[in-house]
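Just below is one structure, and these are the notes that go with it.
None of the figures in this text is laboratory data; all of them are computed from the coordinates on show. None of the values given here were measured: they were computed from a predicted structure. Neighbour counts run over all protein chains shown; Cβ positions are idealised from the backbone, glycine included.
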There are 2 protein chains.
Amino acid sequence: MRIAVDAMGSDNHPQPDVTGSVMAAREFGDAIILVGDQPQIEAELAKLDTAGLSMEIVHASQKVTMTDKPSQVVKGKPDSSMHVGVGLVRDGRADAFVTAGNTGGALGIAMLRRVGLGRIPGVKRPALGVIFPTAERPLIIDNGANADCKPEYLLQFGVMGSLYIERMLGVPNPRVALISNGEEEGKGNALIKETIPLLRASGLNYIGNIEPKEFVLGAAHVGVTDGFTGNIVIKTAEAIASYMSNLIKTEIKASPVTAVGGLLAKSAFKRVGSHLNPDEVGGAPLLGVNGVVIVAHGRSNAYAIKQAIGQARRIVAQKVVEAITAGIA
Amino acid sequence: MRIAVDAMGSDNHPQPDVTGSVMAAREFGDAIILVGDQPQIEAELAKLDTAGLSMEIVHASQKVTMTDKPSQVVKGKPDSSMHVGVGLVRDGRADAFVTAGNTGGALGIAMLRRVGLGRIPGVKRPALGVIFPTAERPLIIDNGANADCKPEYLLQFGVMGSLYIERMLGVPNPRVALISNGEEEGKGNALIKETIPLLRASGLNYIGNIEPKEFVLGAAHVGVTDGFTGNIVIKTAEAIASYMSNLIKTEIKASPVTAVGGLLAKSAFKRVGSHLNPDEVGGAPLLGVNGVVIVAHGRSNAYAIKQAIGQARRIVAQKVVEAITAGIA
């Protein structure tokens, strides 16, 4: 397998991107194509042991920044590492592309018909899936690709999310739910209410509407939502987890006795952190485009990049794009 | 001051409702009118020391349950404790009404023109404000009264929220923001984008759009959002806080050393819990109706009811309804 990786993607690029790629090449035995500024990539690779690994560099003269607007990126940076990386997948020179860069930019480029991958036939709107890092690892889709949605988009998110979980986790007939502010049918906004009959008639294992609490606990394998709400759920979850962690640290340090308690309990806190670590679950697959693209978190470290590459190769191996193509048709 | 309290509101009514009312009567010196089933209220009061307190009972033959649909409540239970309590405010026999019952029911009854309070002239949609229990105590409005909103509703939520914070916390010119999935102007859904120019031209101290992370940290005093999104933010926050607490408990109990650490750090965890305790911040004021109504959490204990009564009396004393009436006009 050949995986293209954006060397200029993460906030601290190219170090995490290149190091994570080397880790992945060693762990999975795949060929990795690093895309970006050749001198910088070479300098980074020189620090690492790459003996026996298949590491190729494809130069790209531009890079997308986190503050670039998607429209600017798509048209204004035709030789960005994202354009080149997506192009490698389009041309069959790579099986997947992984980037920790600007999500909107990656989305925009991937969706382009001529230089990107375009959409899978019949897909109205590609969507970002995110695996939630709670124990049951539920998928939330969409997580920001489409701020304004129609019921038929949400129906397709359900189809794509269900096929993703089925293929990736081997769960037959995954439970699909709408994320809402209440379980009762009268709850929800107009979009939710109009989507319910579509999901009911879809043949999916639609279990109804669930609140964030049930979603977090894994009541559904797939939580369907518009991209605005999905992004708000993820960002609220991150905000509260971070707020609580800081509050606990502050309060534990507030007295000598609790500080000793905190030291003794340190391994427990570490386990909590690793349970909830978003790096473990890889990146967000861009579902509905005609190829495999993973967008990892901008804050990704090398380990997170390696995990995202592992996820990408599994999506390829499990033929998720093919499954979605058949499922949408 | 005279505060009417729904004795049949909370999940465990009438105990928390009646006990909290007695606590409030003692702490604040107000007259409390308990509304609900007279024999049950009398039995509960008999267990408590009410010497020197002004406790009145107004009988109501029906009660609203948490599963009642608002439409059923409004028309089908004309002698519910909610109808009677709201009626006491309408008739000037009470200054405010506090209930820990069904939010939709309270809203529906309060908004009725003939038997409820009706809307403040010019208010398009009353909204539920919720004080977020993080350190800066920001207000999020709407929290579920209006799942589908128009830009002009959000503008009014900003006006009402700003006046509430100004009067209640003494903050001049509170910072108002839209809660969005990104701070940049290109982010957000159509509703957000259409609301921006209205807030800009409003004369409010509109600081732009903020993400949940900034909201939690108090970047704005007032976070404006549609009721669906606001409710999702609150419910996601509760879900993650509860999930993390349980995870920490489990991991601390997982080994004898961490368990000892947990015991030593116990007071720190208690302080974290009390910081984030929603009971501290009272209930959700129903802003935009022509009178003072507070909806407390169904899970309220006596202390939470007492706090909600304290909040109600402060809203009355600070003339929040009068301020909103002038502000909207």
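Other protein chain C-beta atoms within 10 Å of residue C-beta, averaged over B:307-316: 0. Hey, any idea what the orientation-averaged projected area of the convex hull of region A:129-278's Cα atoms comes to, in nm²? Mean projected area of the Cα convex hull: 9.8 nm².
If you run the Gaussian network model on chain B, springs between alpha carbon atoms under 10 Å, then out of B:255, B:81, B:54 the most flexible one is B:255. Across B:160, B:55, B:82, mean-square fluctuation computed from a Gaussian network of chain B (C-alpha pairs under 10 Å connected) peaks at B:55. Relative contact order for chain A: 23 percent, from Cα pairs under 8 Å spaced at least 6 residues apart, divided by residue count. With the simple model of a label 7 Å out from the Cα in the direction of the Cβ, residue B:173 to residue A:329 spans 6.3 nm. Please sort through the DSSP H helices of chain A and keep those with an alpha-carbon extent of at least 24 Å along the long axis and a Kyte-Doolittle average not below 0.0. Helix filter hits for chain A: A:151-169, A:227-253.
Spin-label model, residue A:201/residue B:303: points 7 Å from Cα along the beta carbon direction are separated by 5.3 nm. Cβ-Cβ distance of residue B:27 and residue B:137, R₀ of 30 Å, FRET efficiency by 1/(1 + (r/R0)^6): the value works out to about 0.90. For the residues of B:208-221, the average number of beta carbons from a partner chain within 10 Å of their own beta carbon is 3. Near residue B:149, once Lys and Arg are set to +1 and Asp and Glu to -1 for all other residues with Cβ below 13 Å from its Cβ, the sum equals -2.
When only Cα pairs below 8 angstrom with a gap of at least 6 residues are kept, region B:125-279 shows a relative contact order of 30 percent. Over all pairs of different C-alpha atoms in the protein assembly as shown, the reciprocal of the mean inverse distance, the Kirkwood hydrodynamic radius, equals 26.6 Å. What's the extension gain from residue A:314 to residue A:254 if we count 0.36 nm per residue and subtract their Cα-Cα distance? Taking residue A:314 through residue A:254 to full extension adds about 17.0 nm, to one decimal. In a Gaussian network model over chain A where Cα atoms closer than 10 Å are linked, find which of A:18, A:216, A:176 has the largest mean-square fluctuation. Residue with maximal mean-square fluctuation among A:18, A:216, A:176: A:216.
The eigenvalues of the Cα gyration tensor, multiplied by 5 and square-rooted, give region A:270-312 an equivalent ellipsoid with semi-axes of 22, 10, 8 Å from largest to smallest. Compute the distance from the alpha-carbon center of region B:61-75 to that of region A:1-78, in whole Å. Measuring centre to centre over Cα atoms gives 60 Å. Each other residue within a Cβ distance under 11 Å of residue A:320 adds +1 if Lys or Arg and -1 if Asp or Glu, for a net charge of +1.
Pairwise Cα separations in chain B fall into 10 Å bins from 0 onward with the following percentages, short to long: 6, 26, 31, 23, 11, 3, 0. Each helix, a run of at least 4 DSSP H residues, gives -39500 (n - 2.57); summed and divided by the residues of chain A, these come to -14500 deg cm²/dmol at 222 nm.
With a cut-off of 18 Å on the backbone N, the residues of region B:36-68 near the modelled label site 7 Å out from residue A:185 along Cα-Cβ are B:67-68.
Please give the FRET efficiency for residue B:69 paired with residue B:150, using the beta carbon to beta carbon distance and R0 = 25 Å, rounded to the nearest 0.05.
Numbers: r = 24 Å, r/R0 = 0.96.
With R0 = 25 Å, the Cβ-Cβ based efficiency is 0.55.
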